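Throughout, read-outs are computed from the coordinates displayed, never taken from laboratory work. The structure presented is a predicted model; accordingly, all values stated were derived computationally and were not measured. Counting neighbours? That spans all protein chains shown, and the Cβs are built from the backbone with ideal geometry, glycine included.
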Ligand SMILES: [Cu+2]
């Protein structure tokens, strides 16, 4: 595996499309993944490595997910404390990320005080935050009005939006609204139409980052871990040389590369969930109290030392 | 040769043994796959446990109040479009009750975890 500062030159296909062939991701044990754009190539490094390294990187951003403020059950009696620890790690980074994205389940029950506390803690990071909602953020009387007002006032529909930053096009999607019985996450026709239009005028060499709460790919339908029309959204992105899909919801790292599309899920800052099919249900996984932060990533050094970095390499030229 | 009949009867036997064991142990019996019937004007319970409605299939008389209780440490909801029934998010140990005043078959699900589905048949 290459190190953080390794850069790989973009490769051109016969059709002249910049494949941006090399996407690398190493997960820091869950609090967040730090994404960098080095030499035009997005890559993620462990935060531990980022803390130790003094890289010459023009651009970074960060993903956190599933803070579940208000959760106080056995799996983690104090989700506020672990979010605070995550934010402290982010603040300690020698290079400040330009912004972070939060991939949903900010709160546990959409209560005002949960949203207030989450915003207060996250604000400490001192960088802009872009949110998409999780299903736990839409439990207020207005079925999401409270979330929209607080976290995505400029968004469209149920909270989707896009923006550009330093050459990358970011698309925040909402797949937790109007879920159908027996089904998976759901984007809906209105949002799909919007995605189609949103990317219509972009050059195929623009790196795309798509983020949403529930995985846009099918991880484990038996537990509802997937998005029924996720493939359709991704079909509009087929012509792009580099697509990175970032999700949360499943409270564990899961990665896959399909052609030029790299899929990643981030850990939660609140509690772990079991690997697909390894438990009777996807409910919170209670680990020995001393081990919780390993699953959330707070004990990052041990985690990183004890395992090879998870690496996903996008190799469209081989596909 | 193992036919589906043998499987069925073996299953029944196993269930029967489990039933006897449960009665001997003094536990109430809830079978996942056996529709339970409840008389009119009464209450009956559905437990939400491990991301499942238990029992998931239930037959009741008109006028029966069904109470769902969530014992998971994750919130769930109980939503039925046909029955015009929608609970708020039920946190751990929260309950939701609904009285079925019409006959018919009412499927329902959890709007947070839509793979969780259940069915209530209301008879006269
Ligand atoms: Cu549920």
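Tabulated values for the structure
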read-out: Rel. contact order, % - alpha carbon contacts under 8 angstrom, at least six apart, region B:38-123; value: 31
read-out: DSSP bridge pairs, region B:38-123: antiparallel proportion in percent, nearest 5; value: 60
read-out: Cα-projected label distance for residue A:143 with residue A:255, points at 7 Å along beta-carbon direction, nm; value: 3.8
read-out: Distance between modelled label sites at residue B:71 and residue A:204, nm, 7 Å Cα→Cβ extension; value: 5.8
read-out: Cβ-derived FRET efficiency at R0 22 Å, residue B:101 paired with residue A:192, nearest 0.05; value: 0.05
read-out: Hydrodynamic radius by Kirkwood, which averages 1/r over all alpha carbon pairs of region B:38-124, in angstrom; value: 12.5
read-out: Cβ-based exposure ranking for A:147, A:170, A:220, in which fewest neighbours within 10 Å come first; value: A:220, A:170, A:147
read-out: Point-to-point label distance, residue A:113-residue B:50, nm (Cα→Cβ direction, 7 Å offset); value: 3.4
read-out: Mean separation of Cα contacts under 8 Å (6+ apart) over length of region A:119-212, as relative contact order %; value: 26
read-out: Cut-off 20 Å (backbone N to label point 7 Å along Cα→Cβ of residue B:124), residues of region B:52-66; value: B:59-65
read-out: Inter-part distance where region A:129-149 and region B:58-124 are each reduced to a Cα centre, Å; value: 24
